[in-house]
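The values are calculated or read from the model by the stated rules, or taken from the named source; none is laboratory data. Not measured: the values here are computed from a predicted model. With ideal geometry, Cβ positions are generated from the backbone for all residues, glycine too; neighbour counts draw on all protein chains shown.
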Amino acid sequence: MRQAKLRTTQAAAPVRKRSRWLAVAHANSGVLFVLPAVLLFLVFGLYPVIYSFVLSFFRWNGFSGFSILPFACVAPTCSFVGFDNFKEFLFANPITAGMFRQAIWRDMFLLTTVTGGTIVLALPIALALNQGVRGQSLFRMLIMLPMVTAGIAVYYVWTFIYQPDGLLNSVLQMVGLGAIGAKQGWLGTSSLALPSVAVVLIWSSVPAAVIFYLAGLQTINAELYEAARLDGANSWHLLLHITWPLLLPITIIIVISTLNAIIQSSYQTIYLMTNGGPAGSTTTTGLMVFNYGFGDQRDLGVASAMAWMLFLALAVITMVNLRVFRSRT
């Protein structure tokens, strides 16, 4: 009898142990599900940010002398320089500092024109699509084309449009406005190159903004419009006093996302279309970071320092926008 009980106890021990592990796994199942995403964020998100911050205090050409550990710098291929990288493009090097200040003004031009142009175009389009116009599905598909088209193909198409014998000059010539066309091409004229790039950025930013506005419009209670119409409000009053105030939180999201896209991603548009030309008239801070990191200058320390200055500037702009919009809601 005792031997039978002993065998039963021994057989039950692995079962209890297995059930204990199952209970622990079940209790921590949420952690197990999010662990892969957390690891990916730590390896490809947080680690590069920390590495870039440390690298901004070093001089390094990006080829050798730096290890996977941020502080493991091997002389003479890299060296600790403190804040010299920041001084380099802020005031120490007159040429680089002048280029950086001009690039900031170009960034400000893109930030204001692209953000404002995106909102001015996206809101009427979203209002029209929300009214159920004829051919609504076709219009939605056409508006979404910039989001599903390969970026490099889009840039080359726009480059062809802006050429001296391109589509834009040809259309202007056909309608009798050839005198206002750019004989050297819209991207080959210093005064027109940056506004031409801004048009491409607006064209690529509008679809996402339309989606945001459509989502916001569909959450507005139709009874608000009916009550306003009974009080004698016209379409302009409805837009000004109901639609726009209720879409203000959506506008905040659009503004912040557009600003972030311009600062982080506009350099690739400029790199492919103008490469900063003509005569540096389209060189932005993002393109300067790219050139210092992977171009002829090849100094990842200065590039990292510039990138962190861009991050701080974007953070300040974002906080100011949040404060301004929140004060109106």
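Could you check the stretch 170-199 and list, in sequence order, the residues that are in a helix (DSSP H, G or I) and within 31 Å of the chain's Cα centre (by Cα)? Across the stretch 170-199, the qualifying residues are 190, 191, 192, 193, 194, 195, 196, 197, 198, 199.
Scanning the stretch 89-109 for residues that are outside any helix (DSSP H, G or I) and under 24 Å from the mean Cα position of the chain (by Cα) gives no hits.
Yes/no per residue for (1) surrounded by fewer than 15 Cβ atoms within 10 Å (Cβ to Cβ); (2) closer than 23 Å to residue 53 by Cβ:
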{"residue": "274", "(1), (2)": "no, no"}
{"residue": "286", "(1), (2)": "no, yes"}
{"residue": "296", "(1), (2)": "yes, no"}
{"residue": "308", "(1), (2)": "no, yes"}
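Would it be correct to say that residue 162 is of a type in the set (Ser, Thr, Tyr), at pLDDT 80 or above, out of contact with any Cys (no Cβ under 7 Å at 6 or more places or on another chain) and surrounded by 16 or more Cβ atoms within 10 Å (Cβ to Cβ)? Judged against the criteria, residue 162 is a match. Of all the numbered requirements in (1) of a type in the set (Phe, Trp, Tyr); (2) within 32 Å of the chain's Cα centre (by Cα); (3) surrounded by fewer than 18 Cβ atoms within 10 Å (Cβ to Cβ), residue 213 misses one, and that requirement is (3). Scanning the stretch 244-278 for residues that are in a loop (DSSP other than H, G, I, E, B), under 22 Å from residue 155 (Cβ atoms) and touching a residue at least 60 places away in the same chain (Cβ under 8 Å) turns up 274, 277, 278. Looking only at residues in the stretch 244-258 that are among the hydrophobic types (A, V, I, L, M, F, W, C) and under 14 Å from the mean Cα position of the chain (by Cα), the one that is surrounded by the fewest Cβ atoms within 10 Å (Cβ to Cβ) is 253.
Do we have any residue at all in the stretch 153-172 that's farther than 30 Å from residue 212 by Cβ and aromatic (Phe, Trp, Tyr)? The answer is yes; a qualifying residue exists. Looking at the structure I just gave you, is residue 281 outside any helix (DSSP H, G or I) and at pLDDT 85 or above? Yes: the conditions hold for residue 281. The set of residues from the stretch 207-243 being touching a residue at least 24 places away in the same chain (Cβ under 8 Å) and of a type in the set (Phe, Trp, Tyr) comprises 212, 213.
Residues of the stretch 296-318 that are among the β-branched types (Val, Ile, Thr) and over 13 Å from residue 57 (Cα atoms): 316, 317, 318.
Identify, please: which residue in the stretch 216-237 is crowded, with 16+ Cβ neighbours inside 10 Å and outside any loop (DSSP other than H, G, I, E, B) and is, among those, nearest to the chain's Cα centre (by Cα)? Break it down into steps so the answer makes sense when it comes.
First, the residues of the stretch 216-237 that are crowded, with 16+ Cβ neighbours inside 10 Å: 216-217, 233.
When the remaining residues are screened for being outside any loop (DSSP other than H, G, I, E, B), the result is 216-217.
On the way: 216: 21, 217: 24 Å.
It comes out as 216.
Of the residues 211, 254, 263, only one is among the hydrophobic types (A, V, I, L, M, F, W, C) and at pLDDT below 85; which?
Numbers: 211 fails: at pLDDT below 85; 254 fails: at pLDDT below 85.
Matching residue, one of 211, 254, 263: 263.
Considering 202, 119, the condition of being within 19 Å of the chain's Cα centre (by Cα), more than 19 Å from residue 267 (Cα to Cα), at pLDDT 90 or above and assigned to a helix (DSSP H, G or I) is satisfied by 119 alone.
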